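Below: one structure, written as structure tokens.
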Amino acid sequence: MPVSVFAQTAANTAVVEEEIVITGSRIVTRDLRSTSPVTTTSSEELKLQGVVNIEEALVEIPQAVPGISSSNNNGSNGTTTVNLRGLGDVRTLVLVDGKRWTPAGNTGVVDLNTIPVMLIKRVEVVTGGASAVYGSDALAGVVNFILDDKFEGLQANATSSVTEQGDGFTIDANLVAGGSFAGGRGHATIWGGYTKRDPVFQGDRPFSRFALAANRTDDGLIESGSTTAFPANIVLSAPANRGIDTDGDGVVSFGPNGTLNAQQSIFNTNPINFLQVPQERYTAGAMFTYELAPSIEAFGRITFANNRVSTQLAPSGTFFASFFINPDNPFLAPGTVAALQAEAGPGGTDANGNVRTSIGYRFASPRRSDFSRTAYQVQGGLRGDLGTWRWEAYGQYSRTEQQTSLTGDGDLTRIAQALQVRNVNGTPQCINAANGCVPLNIFTNDPSLVTPEALAFISLDLQVQATTEQTVFGGSFAGDLGEGFKSPLADSPIGIAVGVEYRAEDSVFRPDANYAAGRSAGFGSQAVVIGGFNVKELFGEIRIPLIEDRPFFQSLSLEGGARVSDYSTSAGTVYTYKAGGDWSPVRGLRFRGLYQRAVRAPNINELFQPQVETSVTGSDPCAGPTPAAGRAICEAVGVPAGRYGTVPLPPAGQFQGFAGGNPDLTVETSDTYTFGVVLNPTFIPNLTITADYYSVSIADTIEPLAGGGQNALNACYLQLRDPNSVFCRQIVRDPVNGSLFGGNETGVYATLVNTGRTRTTGYDLAISYQVGLGNAGRLRLNANATIVDSFSRQGGVGLPVFECAGKYGAICNQIIPDLKTAARLSWDKGPVTTSVRWRHLGSTELDRIAFGTDTNGRAPVPTLPARNYFDLDAAIQVNEGLSFNAGIANVLDEKPPVFGLDVGGFGASANTYPGTFDALGRSYRIAATVRF
């Protein structure tokens, strides 16, 4: 498991003689001391866990919350990401050997699938702002993967795993070769790998087999689903139709021959969705170093990764889009036509007498998204020594090519055409016969009447082609100022590092014409995004040892750093800096503190994305028979007169929204403070304890208006109640029934702005201890914990501040346990290591209940209880060239907590948070390594 970097000091004392660079600073030092808290995961830990994708290990670091992972089906883009402190993967900078890694797309976020796990020597994580050292994106922190560039020999390894249910089988195989050449002046390493992971369906686990919803009568959960279903449902909430809509839910379905059934139909969306997405990956690469002269070394690296991930959703449908139905449609019964006309009213009938109707019809085949990304990076440079100084100059070019295929959808334009049907000589025919139109009869409960020819006519497959390029040039100079520049009370001279960097990013995201035009019924729309920017930067750091080896001052030092960045975008010129120090009064005790100002510049997608339609999970304060908002504000902002109390509820808890970029965005800024203590008591050898307080405050966060569509609704109707506010002006309701869905322009417009604020504070604790047992071997304990004291979000000045620590749900947009721990106890006996790992996640409370915004004031699952997971791992070194390891994850087969489909928030799926909780259950793993 991850441990504080200081926890390794005792074990590594014999080898820390060479000068090194620790993540969080570019200054060369001879010890492992860092003013920033650094958490390190070793290659040994990765092997014990049997890590195939590195996100599997990072997500269990207490300082991290799940980003996109193998458990993300709905909302996945085929990548896996890391999200430190819950501040977002766009605010977490990923490095490999201290340099930026290949971005996966126009957000600049790195796909961790492309990092060669077999070559990772260690992973160093610095939480908190680090922009003065590394530039933009490091608001939440930095994850630095250190690769083994001096690998010797030939090594092959293979890992396989499977769940106790016999599904989710994964195989991972790798081959690495390395060695010296040219009489030892050069060294080269090459590698290749293959990964194949089978899917697991939500229908394969009891807790996710059915979509669950709140039973408002007794606060329980019941089997439910979507009202986009078969038989199709229609909205029928007008007062004149209450005799038909007997249960008063505003939705009715079709019976035989176009008649109406008073009860709505429900479609269970869960079974066909993935609980674990399938993956196939190929990786390859090579790197070298070559000594050109005694003090000059050339280095280079080329990497390749092709990663293919698929997601699968419930079949597509019309999702209560609005269509005009001709009253002489032969598929409709006369009573149904009359009900539709009453529902539409005078404003819902066009010049030809066609009636506007909101329909929720479900197709038969699943929606599937196949993502394929091919990523390359080429790097080369020179480095060397000049006296006591170390210098480096390098350049690198990265390119990611993305192909996305979306299948199983329907064409809204053709659906509208196929629903306009008239009898011609006793035969139903499309009124508009263009393109070979086939009449579509969805006004029935008989699936045989929906012909294959009609479904073929309305079917739609979509494609996306995207390319992202990044070019980086940099140079740095680090060393000390010599004996003439040092404190009179210290033996160590002043250390400095200076450097320059240039970075250019360009991206083209090009959906096909149908996708861009919004003709998709089930995938929404995607706009063409083309853009780029560049940034020129100058940076410097200084570390000043003030006092060394004096009474009460074993050491005292100060450090500082600054960076100036000039962006070609509206971000302009920005400054970042840091200042801190550490004090060791006696050997084995050290105090440290650091302040950092960091920034995140808007990425290409945020700057150049046009406005697109999306769906928002949440509730409408003006909808339903007992609206949460008052009549006056609802009618002032979109609800037609006389419709208050009859506005349709959002189907499946989703209303329509619109999102998009903003070319005038500026940088996000953060202020990070960390204060901590490191204890290595001399009277207890091999014990290290660290405790750090952290505070990260981010201003001008780039977020949708008010933090999202739901928050914008709440701000308008429940908080400010001002029809002229910016939040109310961004709400467009259906002019007939007042709903937030169905029309092409209906919904909440929440495009990106620099108005959000986020702050989190808490404590990080770590302990590492090892003790010899004589002939019985050795015991090792490593434990980490994060206590989130506060995590607050605010959509803008004047809006409520939501305290999200210990909460989950759509308002906080994620799950944030206020306590997260990970601990491993290992026993080494000769060539055998056995260990047990314990992971704890604290309980969380549903945010809308905690904040009092739930329209019913209660929920079936107001609290998710704490979870504890135990894993068993073992490794044996048979001989110098052969080793095995095996493990059992989730030994006690702990089930995830479940909730209803109306909860929302990032990662909410399958009635739980499968990226946070173990959704697959007990699983088994075995691996073998052969080395020559």
Just for segment 569-610: of the residues that are without any contact (Cβ under 8 Å) to a residue 40 or more places away in the chain and closer than 20 Å to G499 by Cα, which one is surrounded by the fewest Cβ atoms within 10 Å (Cβ to Cβ)? T573
Restricting to segment 255-313, count the residues that are surrounded by fewer than 17 Cβ atoms within 10 Å (Cβ to Cβ) and hydroxyl-bearing (S, T, Y). 4
Checked against (1) surrounded by fewer than 18 Cβ atoms within 10 Å (Cβ to Cβ); (2) in a strand (DSSP E or B), D491 satisfies every condition except (2)
Meets criteria (modelled with pLDDT under 95 and either under 30 Å from L481 (Cβ atoms) or charged (D, E, K, R) (or both)) for L382: no
Subset of segment 612-622 (residues that are polar (S, T, N, Q) and either within 20 Å of V637 (Cβ to Cβ) or without any contact (Cβ under 8 Å) to a residue 24 or more places away in the chain (or both)): S619
Among A132, A156, A140, A104, which is the only one that is touching a residue at least 12 places away in the same chain (Cβ under 8 Å), surrounded by fewer than 24 Cβ atoms within 10 Å (Cβ to Cβ) and of a type in the set (G, A, S)? A156
Lone unmet requirement of (1) at pLDDT 95 or above; (2) of a type in the set (A, V, I, L, M); (3) within 20 Å of G708 (Cα to Cα) for V616: (1)
Out of everything in segment 752-787 that is touching a residue at least 40 places away in the same chain (Cβ under 8 Å), of a type in the set (V, I, T) and crowded, with 18+ Cβ neighbours inside 10 Å, what residue ends up being farthest from Q654 (Cα to Cα)? I767
Looking at (1) over 27 Å from the mean Cα position of the chain (by Cα); (2) more than 23 Å from L665 (Cα to Cα); (3) small (G, A, S); (4) surrounded by fewer than 24 Cβ atoms within 10 Å (Cβ to Cβ), can you tell me which one S695 breaks? (1)
Need at least 2 residues that are more than 14 Å from V616 (Cβ to Cβ), at pLDDT 90 or above and touching a helix residue (DSSP H, G or I) at 6+ places or on another chain (Cβ under 6 Å) per element, so show me which strands (runs of 3 or more DSSP E) inside segment 657-761 make the cut, counting only ones lying wholly within it. 687-704
Within the bounds of segment 430-451, is there any residue that is over 36 Å from the mean Cα position of the chain (by Cα), buried (at least 21 other Cβ atoms within 10 Å of the Cβ), part of a strand (DSSP E or B) and on the phi < 0 side of the Ramachandran plot? yes
Unique match (being more than 23 Å from the chain's Cα centre (by Cα) and either surrounded by 23 or more Cβ atoms within 10 Å (Cβ to Cβ) or part of a loop (DSSP other than H, G, I, E, B) (or both)) among A641, A632: A641
Subset of segment 219-234, residues over 22 Å from T357 (Cα atoms), of a type outside the set (G, A, S) and assigned to a strand (DSSP E or B), comes to L221, I222, E223
Quick check on segment 764-775. Is at least one of its residues within 24 Å of T833 (Cβ to Cβ) and in a loop (DSSP other than H, G, I, E, B)? yes
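Results for (1) at pLDDT 95 or above; (2) within 29 Å of G857 (Cα to Cα), shown as yes or no for each residue.
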site: P199; (1), (2): yes, no
site: A213; (1), (2): no, yes
site: A238; (1), (2): no, yes
site: T246; (1), (2): no, yes
site: N257; (1), (2): no, no
site: Q264; (1), (2): no, yes
Among the residues listed as T400, T388, the single one being of a type outside the set (A, V, I, L, M, F, W, C), surrounded by fewer than 16 Cβ atoms within 10 Å (Cβ to Cβ) and in contact (Cβ under 8 Å) with a residue 60 or more places away in the chain: T388
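Per-residue answers, yes or no, for (1) surrounded by fewer than 19 Cβ atoms within 10 Å (Cβ to Cβ); (2) without any contact (Cβ under 8 Å) to a residue 12 or more places away in the chain; (3) touching a Pro at 6+ places or on another chain (Cβ under 6 Å); (4) part of a strand (DSSP E or B):
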{"residue": "I496", "(1), (2), (3), (4)": "no, no, no, yes"}
{"residue": "A504", "(1), (2), (3), (4)": "yes, no, no, yes"}
{"residue": "R510", "(1), (2), (3), (4)": "yes, no, no, yes"}
{"residue": "N514", "(1), (2), (3), (4)": "no, no, no, no"}
{"residue": "N534", "(1), (2), (3), (4)": "yes, no, no, yes"}
{"residue": "E541", "(1), (2), (3), (4)": "no, no, no, yes"}
{"residue": "L558", "(1), (2), (3), (4)": "yes, no, no, yes"}
{"residue": "G561", "(1), (2), (3), (4)": "no, no, no, yes"}
{"residue": "V564", "(1), (2), (3), (4)": "yes, no, no, yes"}
Enumerated strands (runs of 3 or more DSSP E) restricted to segment 97-201, each holding at least 3 residues that are among the polar types (S, T, N, Q) and within 23 Å of P914 (Cβ to Cβ): 153-163
Residue selected from segment 895-932 under the condition among the aromatic types (F, W, Y) and touching a Gly at 6+ places or on another chain (Cβ under 6 Å), by the criterion nearest to N215 (Cα to Cα): Y913
Would you be able to say whether some residue in segment 605-615 is more than 26 Å from the chain's Cα centre (by Cα) and hydroxyl-bearing (S, T, Y)? no
From F899, F906, F870, residue being of a type in the set (F, W, Y) and surrounded by fewer than 21 Cβ atoms within 10 Å (Cβ to Cβ): F870
Examine segment 611-627 for a residue that is surrounded by fewer than 21 Cβ atoms within 10 Å (Cβ to Cβ) and of a type in the set (A, V, I, L, M, F, W, C), and state whether such a residue exists. yes
Taking interchain pairs and intrachain pairs at least six residues apart, which have beta carbon atoms under 6 angstrom, with the first residue in segment 829-842 and more than 13 Å from A785 (Cα to Cα) and the second of a type in the set (S, T, Y) and surrounded by 16 or more Cβ atoms within 10 Å (Cβ to Cβ)? T833/S826; S835/S826
Which one of these is among the hydrophobic types (A, V, I, L, M, F, W, C) and either touching a Ser or Thr at 6+ places or on another chain (Cβ under 8 Å) or at positive phi (or both): F870, F884? F884
Confirm whether N856 is surrounded by fewer than 19 Cβ atoms within 10 Å (Cβ to Cβ), part of a loop (DSSP other than H, G, I, E, B), touching a strand residue (DSSP E or B) at 6+ places or on another chain (Cβ under 9 Å) and not charged (D, E, K, R). yes
Criterion: under 23 Å from F523 (Cα atoms), surrounded by 16 or more Cβ atoms within 10 Å (Cβ to Cβ) and not hydroxyl-bearing (S, T, Y) - qualifying residue of A456, A416: A416
Could you please find all residues in segment 331-358 being under 21 Å from I415 (Cα atoms), hydrophobic (A, V, I, L, M, F, W, C) and surrounded by 18 or more Cβ atoms within 10 Å (Cβ to Cβ)? F331, L332, L340, A344, V355
Can you tell me which of D172, D249 is acidic (D, E) and closer than 30 Å to N113 by Cα? D172
Name the single residue, out of those in segment 788-812 being surrounded by fewer than 24 Cβ atoms within 10 Å (Cβ to Cβ) and closer than 12 Å to E845 by Cα, that is farthest from the chain's Cα centre (by Cα). E803
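The values are calculated or read from the model by the stated rules, or taken from the named source; none is laboratory data. As the structure is a prediction and not an experimental result, all values here were calculated from the model. Neighbour counts are summed over all protein chains in view; Cβ atoms, including those assigned to glycine, are modelled from backbone coordinates with ideal geometry.
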